[in-house]
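A.B. asks: I have a structure here, written as structure tokens, and I will follow up with some questions on it.
The values are calculated or read from the model by the stated rules, or taken from the named source; none is laboratory data. Keep in mind that this is a model prediction, so the values were computed, not measured. Glycine also receives a Cβ, built like all others from the backbone with ideal geometry; neighbour counts cover every protein chain displayed.
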Amino acid sequence: MRPVPFDRLDAFFVCLLVDRLTVKTSVKRAGIGYQTARRWLRRLGITIQFGKLGGMPATICTRPPAPTGRRSYRHLTFEDRMTIQAGVQSNPPLSTRSIATQLGVHYSTVARELQRHRFDTYADSGPGAAYSAAAAHTVAAATQVSKKHRSKRLDNPCIRAHVIDGLNDKCSPQQVAGRLRREYPDRKDLHVSHETIYQALYLQGAGSLRHELAVVKALRSGRASRKPQSKLPRRSNRPWLEGARLVDRPPVAADRAVPGHWEGDLVVDNDTGGLVTVIERRSRFCLVRKLPDCRDSQTVTGLVTEMIKSLPEALFETLTWDQGQEMAEHARITVATDCGVYFCDPHSPWQRPTNENTNGLVRDYFPKGTRFDESVSDDDVQAMQDQLNRRPRKVLEYATPAEVLAGIVLADVD
């Protein structure tokens, strides 16, 4: 197929979209053939009305630009696309980032627009200039018109039955949509996007699709509404974590070759009782104390301070904890013992592996369901601690934690 000059392609779409002329008038003004116009439109996937009065079937509306500053998401307007066209056809062409700066959008928005709506196949111009704002806006508008009917896809009884069966079988909307494409690869009328299913579950008719399901939870998350995704940073309800996160911990604490770095946590019951466990990373030596029937921050930090002071000061450099509220007053520990307290990432127990393993050993003595009341004495806890510290460990070449810690203390004295 002989390429057609780009300016004629651009002129045709301007007449068709901007001036709202008929196809017959548009081809005459652009100086192209009627069949050429049909071929372009067909290859671009644009549905149009041909004939004497034919033209664009739907009016294409443009949205007003958002206020200056940080702009919320919006579709590119025809004026935006004209700016992009002017940028790529200037001499020399403007960069994607320069055009994006003029529009006030992210540069990837402009890059995707150019990649999606290039017309190199239909013109003999260079790759940078083969962009028509009118043609791109026409294609985008036709796509938007087709999207308006997606919400009605689930009105098809066949599609709806497949979706309901898949959700009842505990499949996610994405898995249901993917399975339909796999089973009916050549039947696009039976395809549905996972977003359409989510919309039916969350929005349409107050979740009308949800009432047709046999399962209690339509989604694995169990949510009945969508969780809003704010672009603002999440407001912290734990200001005491600032400057004390795991990334702020000295790198030497991650290496077990250096003693003095500890991990801690609570072993709790179903009431207000529990144990405080603190374990040294290199020697696996543990300290365990019973809480006095209270787990508030003042009580926990006070007990941890006493535990640290029970050993030589040089043995405590850092203490790593999870993000529990019981350590909100951790600054008291640092002031009293000069031991820095740092906190793991949320839901990351592997960042305290020694402590997690030791807490499992503690549960051998006090299984889940044990109440740490008067039935568990301080002597019982002390006996458990002593037995754990004299247990040979394979990781220590079958030395005991007490022997390794004693060797560390003697080395510091020498």
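A.B. asks: For segment 277-287, what are the residues that are over 17 Å from residue 408 (Cα atoms) and either modelled with pLDDT under 95 or among the polar types (S, T, N, Q) (or both)?
C.D. replies: If the condition is that a residue be over 17 Å from residue 408 (Cα atoms) and either modelled with pLDDT under 95 or among the polar types (S, T, N, Q) (or both), then 277 is the only one that fits.
A.B. asks: Would you please list the contacts, defined by Cβ atoms under 8 Å and residues six or more apart or on different chains, that run from a residue in segment 30-45 that is polar (S, T, N, Q) to a residue that is modelled with pLDDT of 75 or more?
C.D. replies: Sorted first by the residue in segment 30-45, then by its partner, the pairs are 36/27.
A.B. asks: Go through segment 328-338 and give me each residue that's hydrophobic (A, V, I, L, M, F, W, C), in contact (Cβ under 8 Å) with a residue 40 or more places away in the chain and crowded, with 20+ Cβ neighbours inside 10 Å.
C.D. replies: If the condition is that a residue be hydrophobic (A, V, I, L, M, F, W, C), in contact (Cβ under 8 Å) with a residue 40 or more places away in the chain and crowded, with 20+ Cβ neighbours inside 10 Å, then no residue fits.
A.B. asks: Mind checking which residues of segment 377-408 are touching a helix residue (DSSP H, G or I) at 6+ places or on another chain (Cβ under 8 Å), in contact (Cβ under 8 Å) with a residue 60 or more places away in the chain and crowded, with 16+ Cβ neighbours inside 10 Å?
C.D. replies: 384, 388, 389, 401, 402, 404, 405, 408
A.B. asks: Can you tell me which residue is surrounded by the most Cβ atoms within 10 Å (Cβ to Cβ) among those in segment 339-367 that are more than 34 Å from the chain's Cα centre (by Cα) and assigned to a loop (DSSP other than H, G, I, E, B)?
C.D. replies: Among those residues, the one meeting the criterion is 339.
A.B. asks: So, in segment 311-325, of the ones that are at pLDDT 90 or above and either outside the structural domain of residue 250 (by TED's automatic domain parsing) or acidic (Asp, Glu) (or both), which residue ends up surrounded by the fewest Cβ atoms within 10 Å (Cβ to Cβ)?
C.D. replies: Restricting to residues being at pLDDT 90 or above and either outside the structural domain of residue 250 (by TED's automatic domain parsing) or acidic (Asp, Glu) (or both), the top hit is 317.
A.B. asks: Hey, another quick one. Considering every residue within segment 253-272, establish whether at least one is free of Cβ contacts under 8 Å to residues at least 24 places away in the same chain and under 30 Å from residue 397 (Cβ atoms).
C.D. replies: For segment 253-272, residues free of Cβ contacts under 8 Å to residues at least 24 places away in the same chain and under 30 Å from residue 397 (Cβ atoms): present.
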